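Novice: Sharing a structure, written as structure tokens. Questions coming.
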Amino acid sequence: MKRFQLLISSIFFLVVFFVSPSYLFAEYPKVAPGDSITLGEFIYDDNYVATTSPCTITIINPSGVPVVSNAVTSAEVTGWHSYTYSVPSNGQNGSWPSILTCGSELEGDLIRGDKTFLVDGTYLASSSTIATS
């Protein structure tokens, strides 16, 4: 019986980790040059109460140049903090690292979240192009 359970466990492991890895890992959102993307997160305090404390975002293009530096995000009473960025129509394809920062290290409530997105003009048509078509 133990050999059968071990065999089933091994098969499950192989299927999950080698056959369908795309289901296991989240992908960064993709946009086309010229499109806008909203980067955001729900932020709660230690008591799970929605917070409207100030947050900032930094966005860096694939060349390593900051295109947005510590811009203040909008905050809703639900705890949703967001920033909408319009990718230039000549925006570089690639990974655009983006960091959402809330709180401060001195106060002991620092949060940093990865909001990286991908710009890909080869596979995605911009929404404005689709709308005019």
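Novice: What's the number of the only condition in (1) in contact (Cβ under 8 Å) with a residue 12 or more places away in the chain; (2) over 21 Å from Tyr28 (Cα atoms); (3) open to solvent by 70 Å² or more (accessible area, probe 1.4 Å) that Ser86 fails to meet?
Specialist: (2)
Novice: Then there's this: State whether the residues of the range 101-108 include one that is part of a strand (DSSP E or B) and modelled with pLDDT of 95 or more.
Specialist: Yes; the residues of the range 101-108 include at least one that is part of a strand (DSSP E or B) and modelled with pLDDT of 95 or more.
Novice: I need the full set of residues from the range 16-37 which are modelled with pLDDT of 90 or more and either more than 19 Å from Phe117 (Cβ to Cβ) or open to solvent by 80 Å² or more (accessible area, probe 1.4 Å) (or both), in order please.
Specialist: Tyr28, Lys30
Novice: I'd like to check something: does the range 117-128 contain any residue that is outside any loop (DSSP other than H, G, I, E, B), small (Gly, Ala, Ser), at pLDDT 95 or above and surrounded by 12 or more Cβ atoms within 10 Å (Cβ to Cβ)?
Specialist: Checked against the condition, which is being outside any loop (DSSP other than H, G, I, E, B), small (Gly, Ala, Ser), at pLDDT 95 or above and surrounded by 12 or more Cβ atoms within 10 Å (Cβ to Cβ), the range 117-128 yields no hits at all.
Novice: Can you tell me how many residues within the range 55-80 are in a loop (DSSP other than H, G, I, E, B), open to solvent by 70 Å² or more (accessible area, probe 1.4 Å) and without any contact (Cβ under 8 Å) to a residue 24 or more places away in the chain?
Specialist: 1
The values are calculated or read from the model by the stated rules, or taken from the named source; none is laboratory data. Please read all numbers here as calculations on a predicted model, not as lab measurements. A quick note on method: Cβ atoms are made from the backbone with ideal geometry, for glycine too, and the neighbour counts reach across all protein chains shown. Ligands, DNA and RNA are excluded from the accessible area calculation, which covers all protein heavy atoms including side chains. Shrake-Rupley method; radii C 1.70, N 1.55, O 1.52, S 1.80 Å.
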